[in-house]
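Inspection log for the structure reproduced underneath, given as structure tokens.
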Amino acid sequence: MAAAGIRNTNSIFGDQKLKLEVQQQLKLLNKPAHKSIKSSDGDIIDCIHINNQPAFDHPLFKNHTIQMRPSFHPDGRLFDESKVSSKSKSINQLWHLNGRCPEGTIPVRRTKEDDLLRASSIKSYGRKKHLTIPKPSSAQPDLINQGGHQHAIVYVEGDKYYGAKATINVWKPQIQEPNEFSLSQIWILGGSFGEDLNSIEAGWQVSPDLYGDSNSRLFTYWTSDAYQATGCYNLLCSGFIQINNQIAMGASIYPVSGYGGSQYDISILVWKDPKEGNWWMQFGNEHVLGYWPAFLFSYLSDSASMVEWGGEVVNSQPDGQHTSTQMGSGHFSGEGFGRASYFKNIQIVDGSNNLRPPKDIATFTEQPNCYNVQNRKSGDNWGNYFYYGGPGKNPNCL
């Protein structure tokens with residue numbers, strides 16, 4: 001059964017109290033807009049003044065001066081201004097068809113009343129649940145469905161990592177239950193898998209519960225305490241500071257790949273600025289989006305100890321059986337290009353701020369008959385890559 005959302009708690013809290021709480025939260029999340037753009041998918045993108053973004057609601061940011069560009073890019077050289085280009089070529093978001101945000105503003109997807117009412121509580125809106133990180137080194141059979149999350153990933157550990165990069169194939173997987181999701185992302189992790197885990201995450205996701213539809217959307221996430229009290233998706237709490245006026249967190253990616261048809265992908269790079277210590281994110285080859293300030297984290301204020309690339313789904317086990325929510329294209333890795341989803345050119349950033357291929361790559365999946373992964377290496381422009389995904393429920397996955 002899908003999550004009831006907070007509408008069904010009206011009898012407990014009372015309609016008026018709930019309405020007041022919802023309106024207060026909407027006022028907190030939705031800042032005054034310089035300009036608003038309506039997207040054909042129903043989203044409203046508000047162009048918010050850069051100094052009025054949600055990050056600055058937090059006391060820790062009170063005297064924070066926005067770093068308008070990273071000091072260094074991951075090639076060891078000083079940051080090149082041309083990398084923050086305002087021209088979008090192959091990468092599109094659906095709202096771009098109806099307008100753009102002016103310089104000095106950032107695009108923010110407007111939160112609507114229905115978005116909050118779908119959540120299990122107003123406080124939990126925009127947050128992941130505990131126990132959602134794949135923990136490859138200690139996966140035991142009796143922990144397979146812990147938290148109801150399943151993964152098909154490749155990973156590296158045992159070194160200090162200062163960032164990661166990948167080009168990720170974008171699809172539109174089918175989701176069985178509204179409270180389930182399917183995503184493909186990079187995880188940059190620090191600390192233990194206990195209560196103190198630090199995580200920076202970026203990729204694409206389909207999440208009817210969070211967004212109210214089945215579109216594939218760009219997203220980020222962060223936490224400094226294993227998803228307990230800190231962190232959120234996109235700009236739904238104080239944390240990530242956006243500087244880019246072209247790309248909206250949580251907005252639909254367009255177009256997406258088709259089975260046996262055209263393939264579309266996005267490139268994501270996250271790296272730690274060796275001078276300022278902030279963790280930066282770049283989308284494509286042109287859009288430096290912004291950064292997570294170093295003071296948000298404990299372990300990641302130094303470096304990451306593990307990097308993961310791959311897919312994740314929620315398996316709520318509807319009717320006691322495995323979900324049919326798809327990962328990636330919804331097809332197993334063995335089907336290859338044009339049919340299975342891929343990550344290509346996976347790289348890490350080393351201590352010298354250089355991008356390089358990861359060493360000793362391992363793979364992990366809880367139930368390979370439901371979702372699987374195949375790691376490969378190419379001599380051409382694909383570098384280190386892998387296919388992953390699956391249909392979920394099938395005769396071998398019940």
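From the set of residues in the range 81-99 that are in a loop (DSSP other than H, G, I, E, B), at pLDDT below 60 and not basic (Lys, Arg), which is most open to solvent (accessible area, probe 1.4 Å)?
Per the stated criteria, the residue is SER90.
So if I check each of ILE45, ILE50, ILE66, which one is in contact with a helix residue (DSSP H, G or I) (Cβ under 6 Å, 6 or more places away or on another chain), within 18 Å of LEU289 (Cβ to Cβ) and surrounded by 13 or more Cβ atoms within 10 Å (Cβ to Cβ)?
ILE45
Of the residues PRO107, PRO134, PRO102, which single one is open to solvent by less than 40 Å² (accessible area, probe 1.4 Å), at pLDDT 95 or above and either assigned to a loop (DSSP other than H, G, I, E, B) or farther than 19 Å from PRO293 by Cβ (or both)?
PRO107
Being open to solvent by 10 Å² or more (accessible area, probe 1.4 Å) and polar (S, T, N, Q) is the filter; apply it to the range 223-233 and report the residue that is farthest from LEU116 (Cα to Cα).
So the residue we want is SER224.
Which condition number does LEU143 fail, the rest of (1) open to solvent by less than 50 Å² (accessible area, probe 1.4 Å); (2) modelled with pLDDT under 95; (3) aliphatic (A, V, I, L, M) being met?
Here LEU143 meets the rest and fails (1).
Say whether the condition of being touching an Asp or Glu at 6+ places or on another chain (Cβ under 9 Å), β-branched (Val, Ile, Thr), modelled with pLDDT of 95 or more and under 23 Å from ARG356 (Cβ atoms) is met by at least one residue in the range 294-308.
Checked against the condition, which is being touching an Asp or Glu at 6+ places or on another chain (Cβ under 9 Å), β-branched (Val, Ile, Thr), modelled with pLDDT of 95 or more and under 23 Å from ARG356 (Cβ atoms), the range 294-308 yields at least one hit.
Please pick out the residue among ILE200, ILE175 that is within 16 Å of the chain's Cα centre (by Cα) and of a type in the set (A, V, I, L, M, F, W, C).
Only one candidate passes the filter, namely ILE200.
Here are some conditions: (1) at pLDDT 95 or above; (2) open to solvent by less than 10 Å² (accessible area, probe 1.4 Å); (3) farther than 16 Å from TRP309 by Cα. SER214 meets all but one. Which one does it not meet?
(2)
The values are calculated or read from the model by the stated rules, or taken from the named source; none is laboratory data. Note that this is a predicted model, so its numbers are computed, not measured. Reconstructed Cβ throughout: ideal geometry from the backbone, glycine too, with neighbour counts over all protein chains shown. For accessibility, only protein heavy atoms count, side chains too; no ligands or nucleic acids. Shrake-Rupley method; radii C 1.70, N 1.55, O 1.52, S 1.80 Å.
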